[in-house]
Amino acid sequence: MVLDRLRRGATGRDPKKIPDGLWEKCPSCQKTVFKRLVEERLDTCPECNHHFKMTAPRRIASLIDDGTWQEWDANMTSADPLGFVDGKSYPERIAQQQAKTGLKDAVLTGRGKLSGLDIGLGVMDFSFNGGSMGSVVGEKLTRQFERCLEARIPAVVISASGGARMQEGVISLMQMAKTSAALARMREGRVPFISVLTNPTMAGVMASYASLGDVIIAEPKAMIGFTGARVIQETIKQELPEGFQTSEFVLKHGQVDLIAARQDLKSELARILNYLKPPKV
Ligand SMILES: [Zn+2]
């Protein structure tokens, strides 16, 4: 009862909409959990270990050694090549997303140390327009890959995205080819790339750099795929197998190499990066 009242707060509204920000409802086990505990556990549920979406700054703090992060291309923002309007203009939408998240676009990139190892890191943020990939995401990641190749340090990208950004039309689709080409040059130069898939990693992002890792890691129970299940089901007119498009399903079918819980991600990355140290040239 007390909990219920606390959850309702002063407004008496539906407890599912927790007003004071102290409590959070876990979408997986449906339990109401103390938000601070969730944060202490790197945004995972203390009851069932559900992995909540994580912001890019928190992800960087969870992986990069203190005081070693240097951000790249921090002020890059999107143009409006198509003059796109869907309810509101694209520049208005971008401004709104920037105000909401404190980010300039849906990815942060930079260089830092992970357990003492130099890496280039890109982290997508789903809270910025669904982590959609437009020209800024594509360009920042491409520059990340080019800098990693130049400096001969491994690249790591943490993906979280619904796919390409429709407001940039074909320019967003071009980013798939551009990032893939940059990764091909990294591969020729024998500099490793590790791709980490988090919930969700879909569509144009999964169909380009996210699936091109030398090693591909997924967080538990993430949604991973190209087209949504409903569209596939309607197209092929067949029932889809249980667990379709989850980390566990794609692991079984060879699309990812391992599943790592968020608490173990830093140590797993360090272990793999130590195996994959790029050869000196
Ligand atoms: Zn839970």
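The values are calculated or read from the model by the stated rules, or taken from the named source; none is laboratory data. None of the values given here were measured: they were computed from a predicted structure. Note that each Cβ is placed from the backbone with ideal geometry, even for glycine, and that neighbours are counted across all protein chains shown.
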Exercise. So which residues in segment 81-114 are touching a Leu at 6+ places or on another chain (Cβ under 8 Å), of a type in the set (S, T, N, Q) and more than 20 Å from Met174 (Cβ to Cβ), if there are any at all?
Worked result: Gln97
Exercise. Would it be correct to say that Leu149 is under 21 Å from Ala181 (Cα atoms), assigned by TED's automatic domain parsing to the domain that holds Ala181 and buried (at least 24 other Cβ atoms within 10 Å of the Cβ)?
Worked result: no
For this session: For Lys104, work out the one condition from (1) touching a residue at least 12 places away in the same chain (Cβ under 8 Å); (2) within 16 Å of the ligand (Cβ to nearest atom) it doesn't fulfil.
Result: (2)
Seminar exercise, completed: Of the residues in segment 222-237 that are in a loop (DSSP other than H, G, I, E, B) and surrounded by 18 or more Cβ atoms within 10 Å (Cβ to Cβ), the one that is modelled with the lowest pLDDT is Gly225
Seminar exercise, completed: Within segment 35-93, residues being modelled with pLDDT under 95, within 26 Å of Gly110 (Cβ to Cβ) and part of a strand (DSSP E or B) number 0
For this session: With the checklist (1) surrounded by fewer than 22 Cβ atoms within 10 Å (Cβ to Cβ); (2) at pLDDT 95 or above in hand, flag the one item Ala203 doesn't pass.
Result: (2)
For this session: Quickly run through segment 17-34 and pick out the residues that are more than 10 Å from the ligand (Cβ to nearest atom) and assigned to a loop (DSSP other than H, G, I, E, B).
Result: Lys17, Ile18, Pro19, Asp20, Gly21, Leu22
Exercise. Among all residue pairs at least 6 apart or on different chains, which show Cβ distances below 9 Å where the first residue, located in segment 67-83, is on the phi > 0 side of the Ramachandran plot and the second is among the hydrophobic types (A, V, I, L, M, F, W, C) and surrounded by 13 or more Cβ atoms within 10 Å (Cβ to Cβ)?
Worked result: Asp73/Val136
For this session: Answer yes or no as to whether Val256 is in a loop (DSSP other than H, G, I, E, B) and buried (at least 21 other Cβ atoms within 10 Å of the Cβ).
Result: yes
Exercise. Out of (1) in a helix (DSSP H, G or I); (2) touching a helix residue (DSSP H, G or I) at 6+ places or on another chain (Cβ under 6 Å), what's the single condition that is false for Leu240?
Worked result: (1)
For this session: Give the residues of segment 94-124 that are more than 18 Å from the chain's Cα centre (by Cα) and surrounded by fewer than 18 Cβ atoms within 10 Å (Cβ to Cβ), sorted by residue number.
Result: Ala95, Gln96, Ala99, Lys113, Ser115, Gly116, Leu117, Asp118
Exercise. Got a sec? Which of Asp43, Asp66 is more than 16 Å from the ligand (Cβ to nearest atom) and either of a type outside the set (Gly, Ala, Ser) or within 30 Å of Cys26 (Cβ to Cβ) (or both)?
Worked result: Asp66
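Anything in segment 259-281 that is of a type in the set (Lys, Arg) and either assigned to a helix (DSSP H, G or I) or within 18 Å of Leu121 (Cβ to Cβ) (or both)? List them, or say none.
Taking segment 259-281 and keeping what is of a type in the set (Lys, Arg), we get 262, 266, 271, 277, 280.
The answer is Arg262, Lys266, Arg271, Lys277.
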